[in-house]
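The values are calculated or read from the model by the stated rules, or taken from the named source; none is laboratory data. Note that the structure is predicted; figures quoted are calculated from it, not measured. Ideal geometry is used to build each Cβ from the backbone, glycine not excepted, and the neighbour counts take in all protein chains shown. We work out accessible area using only protein heavy atoms, side chains counted, and drop any ligands, DNA or RNA first. Shrake-Rupley method; radii C 1.70, N 1.55, O 1.52, S 1.80 Å.
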Amino acid sequence: NKSIFLIPIHKISSKVSKDNWVKSVKIKSDYKSTIVVLIEESKPFGIFDNAYQDLLFSNKLVVLDIIDRNKLIYNDLILFKGEEAMSNSKILIELLPNNITELINEATFISKRRWDIKLKNDITLKLPENNILDSLENYKKIYMSFSNKELSNIESIDLRMTKKAIL
């Protein structure tokens, strides 16, 4: 029962935009009887295990929430571990082809310089600092040359040496 002119639209917009889940907010008034609120929600990018809690974060590397990683809603997200893993996660994901990122359960940043990735088939790939795509091509060759039974016996594949792999 107040005039629409008295509603503090900018103040409301500012308050709503402070929520980490809010990517953008637009509030418009027709100056008669209607206020339109458009909110775009941030999409979760990954989960960061900082040894104390699991943090859900966006592709802008903003922490969205503290979560329970066992909830099924977050099963498709990669769990990132290691010092500076969250800040380097976007670089890793942008580098990898989509068909590989879909296979990853966990990615551990080792010594602030390289990644170990644990795939959904429980094989850990030890990646080099450089030439990651070449190493993944080596993994594809190995994967294609083994049967499913043979692959089930492999715990890790060290791809850090060029054109070599240690099983």
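Table for the structure above
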read-out: Gap separating the Cα centres of region 50-73 and region 93-145, nearest whole Å; value: 22 Å
read-out: For region 96-136: relative contact order, % (alpha-carbon pairs under 8 angstrom, 6 or more apart); value: 28 percent
read-out: Distance between modelled label sites at GLU102 and TRP21, nm, 7 Å Cα→Cβ extension; value: 2.8 nm
read-out: Environment charge at ILE4 (Cβ cut-off 15 Å; Lys +1, Arg +1, Asp -1, Glu -1); value: +3
read-out: Net charge of neighbours whose Cβ lies under 13 Å from the Cβ of LEU79, counting Lys and Arg as +1 and Asp and Glu as -1; value: -1
read-out: Highest-first arrangement of 145-152, 109-116, 7-14, where packing means the average Cβ count within 10 Å; value: 109-116, 7-14, 145-152
read-out: Option label - volume of the Cα convex hull per residue in Å³ computed here, alternatives (1) 157; (2) 119; (3) 135; value: (1)
read-out: Positive-end residue, the chain charge dipole about Cα centroid, Cβ charges, pick of PRO128, VAL37, PHE48; value: VAL37
read-out: Fraction of accessible area attributable to carbon and sulfur, region 32-164 (%, probe 1.4 Å); value: 49 percent
read-out: Translational diffusion coefficient (Stokes-Einstein; Kirkwood radius from C-alpha pairs) of region 82-167 at 25 °C, 0.890 mPa s, in µm²/s; value: 187 µm²/s
read-out: Relative contact order [Cα under 8 Å, 6+ residues apart], region 8-167, whole percent; value: 12 percent
read-out: Computed magnitude of the charge dipole of region 39-167 (debye, nearest 20; Cβ of K, R +1, Cβ of D, E -1); value: 460 debye
read-out: Heavy-atom accessible area per residue - the chain, 1.4 Å, Å²; value: 68 Å²
read-out: Most mobile listed residue (ASP30, ASP54, ASP65) in the chain, GNM with C-alpha springs under 10 Å; value: ASP30
read-out: Bridge type composition, region 1-140 - antiparallel percent by DSSP, nearest 5; value: 80 percent
read-out: Stokes-Einstein D (µm²/s) once Rh is taken as the Kirkwood radius of region 14-107 over alpha-carbon pairs, at 25 °C in 0.890 mPa s; value: 164 µm²/s
read-out: Amide H partners (placed H, <5 Å) of LYS23, local residues excluded; value: GLU40, GLU41, SER42
